[in-house]
Each structure stands twice: as C-alpha cells, then as structure tokens.
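Colleague: Here it is, the structure in full.
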Ligand code: 9EZ
C-alpha cells in the first residue's frame, strides 16, 4: 500500500528539518502552532496528514470530522494525545518515532540517578539561599551499588550500559527479554519478585500499560531495602505517587527522581516539593538532538510510506502490519478481489456472518494475515462506508463477523504457490458462498466461485461481470449477442465447467470504461465490478 499523501499539516513546532524533508520529497507542507480541536478540524479539511508532538489533542471528533485524513504522525514516542482507537476505526494510520528519543531519555535518567546520589538539587538550592551546609549533604557513591532496571527495551539498555561505567551492579526485569540477551548488555535478569530486596536504585523504562501501572507501589516499596531511591523518566502512573510520598516521609525511600507525573502538570505539589525529590517537567526527550532526530525520522517514515517503501513506526497496525507492507501487496489484492466476489452472497445480512479462510500450500499459509486483511476489506466495502486495511478488522469485530483461519494440508497444492478458499456463511447458516483463488505471478486469479470451477482461471483485473446462468442451452449465445449489441469488446469470456450440476458462471472481462450490460433472459448478473 503506498499512501496517497500530498498535503501535510505540521503542528506543535516540530523541528523544521521535518518540513524541509517533506517539501524536498514534493509534498505541500503547512506549519501551524497549537490549534484547538475546532480550529484543527476546520484546517484539516484540506490535508491528508497531520504531524504533532504532544501538545495537539487529536480526539475522536477530529477523525469524525476530517474525512480526508489518512495519517497522524507523532514526532516522539507517546501517543497519549492521539485517540488511536478512533484513528483505526476511521482507517487512519498513527505513526510514531520510537528510536529518536532513546539517548536523551537514557541520559536524563542517568542525570537523575547521579543527582540523587549527592542530593544535588537540595544542596544547590541551600547554597543559593546563602547557606554553606556540608554535613547535611553527605552523599553516597554509586560504585558497588545495585541498580534495578525495570523494562529492558532500548532506553533501559542504554541506562544499564551507562551506569555500569560507574561501577554499579545492574539487575533487571522484562517479560520478553531472556537472561542470555540481558547478560549481553550487562544486566543480570531476575524474576520481578527477586528485584526488590537488594536494589539501591530502581528505574522504570516501560510503557504505561495495565501490567506496569503502579509497578512501584506501597507493596513493592515495602519489599525494598530502607533507603531505596526511585527514578521515573518513562510515564506518569508507573509509580504510585501516594505510595511514593508515604515512603519518602517514612524514610523507606531516600529519594526520587521524577520527570513524569500521573497528571501533567501536577496540581498536587506535595511530591515535587518534597526535599528528597529531584524533579523536571517532562524533559526526557527535550534536547535539541532528540527533537531534530524525531523530526527527521518522522519525515523519512512518511516519505518512505508515500513512495511505496516500507511502512515504519505504525502504532495502530496490530495484525495488519504484514498486510501494509508493499512486498505483500499481491496477497492483499487477491484477498480483496475474493472478498468482493463473496460480498453479494451477504445480501444485506453482514452481521454475525462467518468467514472461513482455508489456504493450501506454504506460501499462502504464510500470508494468511494478508489474505484475511484483504478479504475483510473486499467483503465489507459497501457494507459500512469506506473501509481500508486498518478499519476493516475493527469494523468486522463490531459487526460480529467471525473469522477462522485454517490450512488445507492434504494433497499437493500444485505449482503457483498454492490456493486460498474463502467460505462465507450467513448468520442464520442458510447460505454459504465459497470462492477459491490463486496468484499467477502477482496476478489475482479466480479458480472457483460457488461450486463452479474455471479450468484455466479467471484473471481478476479491469472491468468484470459475473453472470449466473439458469441452465438454458442458449445462455452463452445470448450473452455474446448482448455484448456485441452493446458494442462491448470483451477481452475474455470464460464459462465454468460443471462438476456437481451447480449453476454455471460466465465471467466476462472488459476493457475499463466499457458499457454496462442490461439484465438478460437466461442469466442473472451476479456481480459487476472494477478490479
Ligand atoms: C512489566 C514490564 C516491564 C513490561 C514491559 C513491557 C509488556 N511489557 N511489560 C513489568 N513492554 C517490567 C516490569
């Protein structure tokens, strides 16, 4: 899928490198400051893409009100200011740039860890107040202390690497990083339960998800050594702020370095005013380098997507990432074509139908996700407004369409990379429509519709009409005569072969823009479409 993006609105003061690169690639770019939701909707009518940092709120109303919008890009990591669920439903891609902030976030974490070890902020403000207190600010070395890193992604690893240079022992936990991988970047991987008891410092580097909300809690703090210090440069909410305040007051926690807060800016200032807290207003990624890097990354990702290159940084493409990749386009196109061929079988009864997808052959089996994504688009187009690869899955779920995937393993799939059969059963179970197709090279080809088989396969391209004949011996003659009378010049007319006495199908392929045929006496027009 190469994205058709021509006009881009850049908000929130994204570094100018972004606009420069987009313009170099031939896109029309308008830069604007922060806009209200209403101003944004009005302005966006003329744009295909919106790029933001964290200031602009891209709400459901924005997606409802901007039909032209195809992509929202976030220069940075968090997408809390974007309603990604609404985006997906409207088929709008949400993209971020997770890599560009890594070094800045890791460095800022190290800044807070080192500052905590010497009570830097309190000592500094004491001196600025005219005092010269030395015994009140006895620090502790980092050398030989244990740092626990929770979340061993890009940022956690960089923190581990840097703090190892101070001679800290680094332990860590992450559900998807093995002990072996952790050892390679100098971290002793533990189970989460075994993290707390020997940690002198704990730093969190996870997204805010149900498993990490209040990861630092009254319970986990109580398992720590007295005097543990806590750092959060990741997301507000990973640390339970009430529990942290209580632990600071009791002395269980000796200090905290906080760059992020559950509410930003915080309205309850008890935590930030606590003398043992060193805090900054969400500055983790706030460096010239990181801002330039995320701006350039976002521009490069958009240029890649627009020019048919790989689609990178998509956050709302779960399950369709493969389908969005240009390399898999033939499989998606085949799925779409088969979905379109199935859709008349639905009538108006799309709710709660069942779609079975059965592949034969390894290549088809490996592309089931692409076939499924394409099939849903083809099937649902015309049943729920505009549908694309992103919006088809949530729409199908909403309509209660049940999709099952399986593999046909018996027999030899034959040459040509195998086949895919899609079978649609209506909610009442009364009607079943089945279609089988394959790829000839990159060309979607129909092999079977209902139970009518096409010996040579029907090339699914251009303007096509499918007729169901009633068994009358003159049906084919009548069709050819009608085509001639309509001055149509078909590129092919293919009749299915009879197997089980099923209704025969006539497939006609016409050049684009050829006239439509009227209903005929002995054939029923099943479907007319442009592939
Ligand atoms: C949870 C996690 C890390 C974590 C990180 C990610 C799904 N998930 N879970 C608890 N990406 C540390 C502690």
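The values are calculated or read from the model by the stated rules, or taken from the named source; none is laboratory data. These numbers were taken from a predicted model, which means no experiment stands behind them. Here the Cβ positions follow ideal geometry from the backbone for every residue, glycine too, while neighbour counts run over all protein chains shown.
Colleague: In the range 229-322, which helices (runs of 4 or more DSSP H) lie fully inside it and hold 3 or more residues that are touching a helix residue (DSSP H, G or I) at 6+ places or on another chain (Cβ under 9 Å) and more than 24 Å from residue 14 (Cα to Cα)? Full working, then the answer.
Modeller: Details: elements: 241-250, 270-273, 288-306.
Passing ranges, in order: 241-250.
Colleague: Can you pull out the residues in the range 30-42 that are in contact with a strand residue (DSSP E or B) (Cβ under 7 Å, 6 or more places away or on another chain) and surrounded by 20 or more Cβ atoms within 10 Å (Cβ to Cβ)?
Modeller: Of the residues in the range 30-42, the ones in contact with a strand residue (DSSP E or B) (Cβ under 7 Å, 6 or more places away or on another chain) are 30-32.
Matches in the range 30-42: none.
Colleague: Identify, from the list 369, 337, the residue that is assigned to a helix (DSSP H, G or I) and crowded, with 21+ Cβ neighbours inside 10 Å.
Modeller: Working: 369 fails: crowded, with 21+ Cβ neighbours inside 10 Å.
The conditions single out 337.
Colleague: Identify, by number, the condition in (1) part of a loop (DSSP other than H, G, I, E, B); (2) in contact with a strand residue (DSSP E or B) (Cβ under 8 Å, 6 or more places away or on another chain); (3) buried (at least 17 other Cβ atoms within 10 Å of the Cβ) that residue 100 doesn't meet.
Modeller: (2)
Colleague: Yes or no: the range 11-19 includes at least one residue that is touching a helix residue (DSSP H, G or I) at 6+ places or on another chain (Cβ under 8 Å), crowded, with 21+ Cβ neighbours inside 10 Å and within 30 Å of residue 373 (Cβ to Cβ).
Modeller: Yes, there is a match, as at least one residue in the range 11-19 is touching a helix residue (DSSP H, G or I) at 6+ places or on another chain (Cβ under 8 Å), crowded, with 21+ Cβ neighbours inside 10 Å and within 30 Å of residue 373 (Cβ to Cβ).
Colleague: Go through (1) surrounded by 21 or more Cβ atoms within 10 Å (Cβ to Cβ); (2) in contact (Cβ under 8 Å) with a residue 40 or more places away in the chain; (3) under 22 Å from residue 78 (Cβ atoms) for residue 260 and report which single condition fails.
Modeller: Of (1) surrounded by 21 or more Cβ atoms within 10 Å (Cβ to Cβ); (2) in contact (Cβ under 8 Å) with a residue 40 or more places away in the chain; (3) under 22 Å from residue 78 (Cβ atoms), only one is false for residue 260: (2).
Conditions (1) touching a strand residue (DSSP E or B) at 6+ places or on another chain (Cβ under 8 Å); (2) modelled with pLDDT of 95 or more; (3) at positive phi, marked per residue:
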{"position": "237", "(1), (2), (3)": "no, yes, yes"}
{"position": "240", "(1), (2), (3)": "yes, yes, no"}
{"position": "245", "(1), (2), (3)": "no, yes, no"}
{"position": "248", "(1), (2), (3)": "yes, yes, no"}
{"position": "253", "(1), (2), (3)": "yes, yes, no"}
{"position": "256", "(1), (2), (3)": "yes, yes, no"}
{"position": "260", "(1), (2), (3)": "yes, yes, no"}
{"position": "272", "(1), (2), (3)": "yes, yes, no"}
{"position": "275", "(1), (2), (3)": "no, yes, no"}
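Colleague: State whether the residues of the range 43-59 include one that is under 19 Å from the mean Cα position of the chain (by Cα), part of a helix (DSSP H, G or I) and crowded, with 16+ Cβ neighbours inside 10 Å.
Modeller: no
Colleague: Look through the range 451-475, keep the residues that are surrounded by fewer than 18 Cβ atoms within 10 Å (Cβ to Cβ) and at pLDDT below 85, and return whichever of them is nearest to residue 335 (Cα to Cα).
Modeller: 451
Colleague: Something else about it: Do the conditions hold for residue 178, that is, is it more than 15 Å from the ligand (Cβ to nearest atom) and free of Cβ contacts under 8 Å to residues at least 60 places away in the same chain?
Modeller: On the way: more than 15 Å from the ligand (Cβ to nearest atom): no; free of Cβ contacts under 8 Å to residues at least 60 places away in the same chain: yes.
Here the answer is no, as residue 178 does not meet what is asked.
Colleague: Filtering the range 137-161 down to residues that are exposed (fewer than 14 other Cβ atoms within 10 Å of the Cβ) and in contact (Cβ under 8 Å) with a residue 12 or more places away in the chain, which residue is farthest from the ligand (Cβ to nearest atom)? I'd like the intermediate steps shown before the answer.
Modeller: Step one: filter the range 137-161 for residues exposed (fewer than 14 other Cβ atoms within 10 Å of the Cβ), giving 138-139, 141, 143-144.
Those still in the list that are in contact (Cβ under 8 Å) with a residue 12 or more places away in the chain too: 139, 141, 143-144.
Values: 139: 28, 141: 27, 143: 26, 144: 24 Å.
My answer is 139.
Colleague: Now, a different point. Could you grab me the full set of residues in the range 182-218 that are out of contact with any helix residue (DSSP H, G or I) (no Cβ under 8 Å at 6 or more places or on another chain), more than 12 Å from the ligand (Cβ to nearest atom) and closer than 21 Å to residue 251 by Cα?
Modeller: Matches in the range 182-218: 197, 198, 199, 200.
Colleague: Which one of the conditions (1) touching a strand residue (DSSP E or B) at 6+ places or on another chain (Cβ under 6 Å); (2) away from the ligand (no atom under 11 Å from the Cβ); (3) farther than 21 Å from residue 278 by Cβ; (4) without any contact (Cβ under 8 Å) to a residue 40 or more places away in the chain does residue 168 fail to meet, given that it meets all the rest?
Modeller: Only one criterion in (1) touching a strand residue (DSSP E or B) at 6+ places or on another chain (Cβ under 6 Å); (2) away from the ligand (no atom under 11 Å from the Cβ); (3) farther than 21 Å from residue 278 by Cβ; (4) without any contact (Cβ under 8 Å) to a residue 40 or more places away in the chain is unmet by residue 168, namely (3).
Colleague: Within the range 219-228, restricting attention to residues that are surrounded by fewer than 17 Cβ atoms within 10 Å (Cβ to Cβ) and in a helix (DSSP H, G or I), which residue is farthest from the ligand (Cβ to nearest atom)? Spell out the reasoning first.
Modeller: Going residue by residue through the range 219-228, those that are surrounded by fewer than 17 Cβ atoms within 10 Å (Cβ to Cβ) are 219, 222-223, 225-227.
Then drop every residue that is not in a helix (DSSP H, G or I), which leaves 219, 222.
Working: 219: 14, 222: 17 Å.
Residue satisfying both the conditions and the ranking: 222.
Colleague: Can you pull out every residue in the range 141-168 that is part of a loop (DSSP other than H, G, I, E, B), over 18 Å from residue 190 (Cα atoms) and in contact with a helix residue (DSSP H, G or I) (Cβ under 8 Å, 6 or more places away or on another chain)? Even if it seems obvious, please write down each step before you answer.
Modeller: Restricting attention to the range 141-168, the residues satisfying the condition of being part of a loop (DSSP other than H, G, I, E, B) are 141-145, 151-153, 165-168.
In the following step, the residues that additionally are over 18 Å from residue 190 (Cα atoms) were identified as 141-144, 165-167.
The answer is 141, 142, 166.
Colleague: Checking residue 213 against (1) in a loop (DSSP other than H, G, I, E, B); (2) over 28 Å from the mean Cα position of the chain (by Cα); (3) free of Cβ contacts under 8 Å to residues at least 40 places away in the same chain: exactly one of these is not met. Which one?
Modeller: Answer for residue 213: the failing condition is (2).
Colleague: Against the definition (farther than 26 Å from residue 285 by Cβ, in a helix (DSSP H, G or I) and away from the ligand (no atom under 12 Å from the Cβ)), how does residue 127 come out, yes or no?
Modeller: Details: farther than 26 Å from residue 285 by Cβ: yes; in a helix (DSSP H, G or I): yes; away from the ligand (no atom under 12 Å from the Cβ): yes.
Yes: the conditions hold for residue 127.
Colleague: Do we find a residue being in contact (Cβ under 8 Å) with a residue 24 or more places away in the chain, surrounded by fewer than 19 Cβ atoms within 10 Å (Cβ to Cβ) and assigned to a helix (DSSP H, G or I) anywhere in the range 66-80?
Modeller: no
Colleague: Moving on. Is it the case that the range 352-363 has a residue that's buried (at least 16 other Cβ atoms within 10 Å of the Cβ) and in a helix (DSSP H, G or I)?
Modeller: no
Colleague: Given the options 381, 426, 409, 359, name the one that is in contact with a strand residue (DSSP E or B) (Cβ under 7 Å, 6 or more places away or on another chain) and on the phi < 0 side of the Ramachandran plot.
Modeller: Values: 381 fails: in contact with a strand residue (DSSP E or B) (Cβ under 7 Å, 6 or more places away or on another chain); 426 fails: in contact with a strand residue (DSSP E or B) (Cβ under 7 Å, 6 or more places away or on another chain); 409 fails: in contact with a strand residue (DSSP E or B) (Cβ under 7 Å, 6 or more places away or on another chain).
Testing whether each residue is in contact with a strand residue (DSSP E or B) (Cβ under 7 Å, 6 or more places away or on another chain) and on the phi < 0 side of the Ramachandran plot leaves just 359.
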